[in-house]
6 protein chains.
Amino acid sequence: MKLSARNALNGKVIEIVKGQIVAKVKVDVSGQTVTSVISNEAVDDLDLKIGDSVQAIIKSSEVIIAK
Amino acid sequence: MKLSARNALNGKVIEIVKGQIVAKVKVDVSGQTVTSVISNEAVDDLDLKIGDSVQAIIKSSEVIIAK
Amino acid sequence: MKLSARNALNGKVIEIVKGQIVAKVKVDVSGQTVTSVISNEAVDDLDLKIGDSVQAIIKSSEVIIAK
Amino acid sequence: MKLSARNALNGKVIEIVKGQIVAKVKVDVSGQTVTSVISNEAVDDLDLKIGDSVQAIIKSSEVIIAK
Amino acid sequence: MKLSARNALNGKVIEIVKGQIVAKVKVDVSGQTVTSVISNEAVDDLDLKIGDSVQAIIKSSEVIIAK
Amino acid sequence: MKLSARNALNGKVIEIVKGQIVAKVKVDVSGQTVTSVISNEAVDDLDLKIGDSVQAIIKSSEVIIAK
């Protein structure tokens with residue numbers, strides 16, 4: 001399955017903190033940390049664990065540039 | 001000025017393609033390419049050029065995890 | 001590859017209109033039309049054509065409820 | 001009031017789970033489930049209940065296509 | 001029809017620039033300009049014109065805070 | 001640091017409610033209230049307090065127009 005989203009950053013899960021509805025997931029991407037907030041349901045559905053190899057998927061229209 | 005957005009990925013602009021309203025901007029972030037679609041107005045306002053050091057800013061709620 | 005995004009709506013591509021940077025893609029999902037704006041690059045990369053079976057992927061935090 | 005968002009999927013609320021700040025709301029849209037994460041404030045403001053007829057509103061730039 | 005989106009900023013359309021797929025629309029909101037990028041289809045569907053009274057609708061999860 | 005996001009609405013923080021993972025932050029922008037949902041981590045990182053002068057940053061592609 002290919003995605004239209006242009007950004008698929010390879011990395012490893014380094015932190016998972018679950019709340020009641022959403023969870024914070026941090027991924028190490030080549031030394032830079034990418035933080036995601038996804039639903040607890042997704043964490044369980046993907047059986048996410050520390051150390052998992054994952055991709056951080058980001059639609060290009062969601063990326064702001066700062067200079 | 002500090003941002004609430006948790007993701008600020010450092011990189012260099014490697015491509016800028018302008019359309020009529022929006023532009024595609026590619027940034028090399030530690031060897032992985034991040035693609036952004038921003039307004040032409042923003043490209044002009046930031047005077048974006050190939051080789052510029054920039055940050056790709058992404059709110060954590062916009063990051064999907066794939067495993 | 002499983003996605004954390006909770007919404008994956010199955011449908012068929014019924015329209016593709018390309019601009020200079022982004023394209024409008026319409027998908028028939030069980031009789032309701034879902035419209036997406038993605039990059040031309042993505043349309044080419046996925047080799048999208050009318051009639052293709054696709055999924056419309058939407059992060060739950062992007063869905064507004066109206067009543 | 002008309003919205004510029006191109007996607008307004010008609011459906012019925014089938015689940016509401018409230019956390020401290022945000023809530024997960026699931027809507028049955030022609031047999032496919034659409035999941036939304038909105039603020040608790042919005043759930044109360046719209047007086048959302050199971051069985052309500054609602055629309056899932058999604059801006060076209062938020063829809064990723066997978067093939 | 002009530003929306004779960006928490007932000008509905010009242011204002012007047014002051015600029016509309018159409019590209020091939022998307023359009024830039026500027027709205028004066030109490031003296032501050034809000035810029036939106038929506039589809040041409042939406043501009044036509046809403047019959048948007050300079051001077052129209054509109055609302056800029058923004059989901060709270062899309063708002064970044066800077067300090 | 002300049003941002004590509006076109007919307008930077010000046011205002012004052014009038015409410016902060018923290019959950020387990022995310023927080024609701026309300027900002028008074030020229031008499032209209034803007035609501036944001038950001039991570040608790042961001043609230044702490046920006047040391048956000050009631051009365052702080054802040055900007056509500058919104059990418060133009062996240063703004064829906066209603067008429």
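Karplus couplings for the range A:43-55 from phi (6.51 cos²θ - 1.76 cosθ + 1.60, θ = phi - 60°), rounded to Hz, Gly and Pro as x?
Karplus values, whole Hz, x for Gly and Pro: 4, 5, 4, 8, 6, 5, 9, 4, x, 4, 7, 9, 10.
Write down the accessible area per residue of chain E in Å², having rolled a 1.4 Å probe over the full set of protein chains.
Details: 2360 Å² over 67 residues.
With the other protein chains kept in place, chain E gives 35 Å² per residue.
How far, in whole Å, is the nearest Cβ of chain C from the axis relating it by rotation to chain B, and which residue carries it?
Taking Cβ atoms only, the nearest residue and its distance are C:Ser61, 3.
Given the options A:Ala56, A:Ala42, A:Ala23, state which has the largest fluctuation in a GNM of chain A using a 10 Å cut-off (strictly under) for Cα springs.
Of the options given, A:Ala42 has the highest mean-square fluctuation.
Return the long-range amide H neighbours of C:Val22 (sequence gap of 5 or more, or a different chain), with a cut-off of under 5 Å between placed amide H atoms.
C:Asn40
Points 7 angstrom from Cα along the Cβ direction at F:Ile16 and A:Val17: gap in nanometres?
1.5
How large is ³J(HN,Hα) for each residue in the range A:21-31, as worked out from phi by the Karplus curve 6.51 cos²θ - 1.76 cosθ + 1.60 (θ = phi - 60°), to whole Hz, x for Gly and Pro?
Using θ = phi - 60°, the values come out as 10, 10, 10, 9, 10, 10, 10, 7, 10, 6, x Hz.
Copy-to-copy spacing for C:Ser30, label 7 Å out on the Cα-to-C-beta vector, in nm, shortest first?
For C:Ser30, the inter-copy label distances come out at 0.8, 4.1, 4.1, 4.1, 4.3 nm.
With every protein chain present, what accessible area does F:Met1 have (1.4 Å probe, heavy atoms only), rounded to the nearest 10 Å²?
So the heavy atoms of F:Met1 present about 150 Å² to solvent.
Could you work out what % of the accessible surface of the range F:7-59 is carbon and sulfur, using a 1.4 angstrom probe and leaving DNA, RNA and ligands out of the count?
Whole-percent figure for carbon plus sulfur exposure: 47.
What ³J(HN,Hα) values, in whole Hz, does the Karplus curve 6.51 cos²θ - 1.76 cosθ + 1.60 give for the range A:59-67 when θ = phi - 60°, with x put for Gly and Pro?
So the J values, rounded to whole Hz, are 5, 4, 6, 9, 9, 8, 9, 10, 9.
How large is the convex hull of the C-alpha atoms of the range E:7-57 per residue, in Å³?
64
D:Lys59 accessible area, nearest 10 Å², 1.4 Å probe?
The accessible area comes out at roughly 20 Å².
Any idea what the relative contact order of chain B is, in percent, if you count C-alpha pairs under 8 Å spaced at least 6 apart?
It rounds to 40 percent for chain B.
Using a probe radius of 1.4 Å on protein heavy atoms only, what is the accessible area buried between chains B and C, both sides summed, to the nearest 100 Å²?
Details: alone 5390 and 5390 Å², together 9670 Å².
What B and C bury together is about 1100 Å².
Quick query: amide H of B:Ala5 versus all other amide H atoms, modeled in the peptide plane; which residues come in under 5 Å with a sequence gap of 5 or more or a different chain?
Answer set, sorted by chain and number: E:Ile65.
Going from the alpha-carbon gyration tensor of the protein assembly as shown, what semi-axes, largest first and in whole Å, does one get by taking the root of 5 times each eigenvalue?
Values: eigenvalues 124, 123, 123 Å².
Semi-axes, largest first: 25, 25, 25 Å.
Defining the label point at 7 Å along Cα→Cβ, can you sort the distances from A:Ile50 to the same site in each other copy, shortest first, in nm?
Nearest to farthest, the other copies are at 3.8, 3.8, 4.4, 5.4, 6.0 nm.
Under a crude label model (7 Å from the Cα following the beta-carbon direction), how far is A:Asp44 from D:Ile50 in nanometres?
Placing both labels 7 Å along Cα→Cβ, they lie 1.6 nm apart.
What does the copy distance list look like for E:Asn10, label position 7 Å along Cα→Cβ, in nm and ordered from shortest?
Nearest first, the other copies' label points are 2.3, 3.2, 4.7, 4.7, 5.4 nm away.
Between the alpha-carbon centers of the range B:44-67 and the range A:1-22, tell me the distance in whole angstrom.
Computed from Cα coordinates, the inter-centre distance equals 16 Å.
The values are calculated or read from the model by the stated rules, or taken from the named source; none is laboratory data. Since the structure is predicted, the reported quantities are computational estimates derived from the model, not experimental observations. Every residue, glycine among them, receives a Cβ derived from its backbone with ideal geometry; neighbour counts consider all protein chains shown. Only protein heavy atoms, including side chains, enter the accessible area calculation; ligands, DNA and RNA are left aside. Shrake-Rupley method; radii C 1.70, N 1.55, O 1.52, S 1.80 Å.
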